[in-house]
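**Q** My questions all concern the structure below.
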Amino acid sequence: MKRFYKFWMIISAFILTIYVDSCSLISIFPKDNKSENTQEEPVIEETEENVDNQEENTTEPEIETGGGEPVLTTIWWRADDYELQEIDTVKKLGDVTIEAKSDKKVTIKEYAATIDTVTFSKIADLGGSGQVGSYRTLKFDVQGSAEITAYAYGDSSRFLLLKDTTTEYGRKETSSEPASYKFTYDKEESATLYLLSSASAIRIFAIKIVM
């Protein structure tokens, strides 16, 4: 019995020694569960190149605000675009309204010519002097300042006029040879303008309006 008791005491002491040693090892080397379950994020060293790239990626796009020359609108009216006819009342042909009366007619007729490299085959014959708002005029609208070119011919020493109901904006002495005549309307507000002859017949091939 004593021998068994002594043996048991030796075994117990040995087991106790192993347990104490195990606890000591655990306290010295604790288990890091966090390091097993998570990964450390890589540390990016901030270099000059990285900073430049960040600046490039965060730069806002530039917005173009336009600029340069304003866009102009060009309107062409040509007698060529209309059939041969005799007009004895107010009649709208495209962007132009022809004013006429039974005894003061405007006629679309054939007449071939080349002016400033542009070829024409018909004219609007005004037939004689005109009256704004009444007869023998070509009436059209402009939206602010404009340059008007009339392609025409007439008897020598006659005048082609550009007017509104109260103001004359220019008069050009015509030639018996087909030619172009430029007028300028220099106001900012819209207006209704008239081309007409001061005396005798003037024939108009076309009108170009730039505004």
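Where a number appears in this text, it was derived from the coordinates with a stated rule and is not lab data. Here the structure is a predicted model, which is why all the values come from computation and not from measurement. A quick note on method: Cβ atoms are made from the backbone with ideal geometry, for glycine too, and the neighbour counts reach across all protein chains shown.
**Q** Which value, in debye to the nearest 20, describes the size of the charge dipole of the stretch 58-211 about its Cα centre when Lys and Arg Cβ atoms bear +1, Asp and Glu Cβ atoms bear -1, and nothing else is charged? Let's see the in-between values first.
**A** Numbers: 18 positive and 25 negative charges, 192 e Å.
The dipole of the stretch 58-211 has a size of about 920 debye.
**Q** For the stretch 74-210, what's the relative contact order in percent, using C-alpha pairs closer than 8 Å and at least 6 residues apart?
**A** Answer for the stretch 74-210 is 30 percent.
**Q** In addition: Give me the net charge for the shell around Q131: Cβ to Cβ below 13 angstrom, other residues only, Lys and Arg +1, Asp and Glu -1.
**A** Values: positive: K101, K104, R136, K139, K163; negative: E99, D103.
So the surrounding residues net to +3.
**Q** State the answer as a single residue: which of F183, S129, A113 lies farthest towards the positive end of the charge dipole of the stretch 74-210, with beta carbon charges of +1 for Lys and Arg and -1 for Asp and Glu, about the Cα centre.
**A** S129
**Q** All other residues with a Cβ under 14 Å from the Cβ of A206 taken together, and with Lys, Arg as +1 and Asp, Glu as -1, what is their net charge? Please report the intermediate quantities before stating the final value.
**A** On the way: positive: R78, K122, K182, R203, K208; negative: D80, D81, D95, D116, D125.
Once all neighbours under 14 Å are counted, the net charge is 0.
**Q** Treating only the Cβ of Lys, Arg, Asp and Glu as charged (+1, +1, -1, -1), what charge dipole size does the stretch 133-211 show about its Cα centre? Round to the nearest 20 debye.
**A** That gives a dipole near 260 debye.
**Q** With θ taken as phi - 60° and the coefficients 6.51, -1.76 and 1.60, list the Karplus ³J(HN,Hα) couplings across the stretch 105-117 in order, rounded to whole Hz; mark glycine and proline as x.
**A** 8, 10, 10, 8, 9, 7, 6, 9, 6, 10, 10, 6, 6
**Q** Moving on. Of K91/K187; K101/K187; K101/K139; K122/K187, which pairs sit farther than 21 Å apart, going by alpha carbon to alpha carbon? Each step should come with its number before you reach the end.
**A** Numbers: K91/K187 27 Å; K101/K187 31 Å; K101/K139 14 Å; K122/K187 32 Å.
Pairs exceeding the cut-off: K91/K187; K101/K187; K122/K187.
**Q** If the chain between D103 and S156 were fully stretched, how many nm would it gain, using 0.36 nm times the residue separation less the Cα-Cα distance?
**A** Numbers: separation 53, 0.36 × 53 = 19.08 nm, distance 2.42 nm.
Between D103 and S156, full extension yields an extra 16.7 nm.
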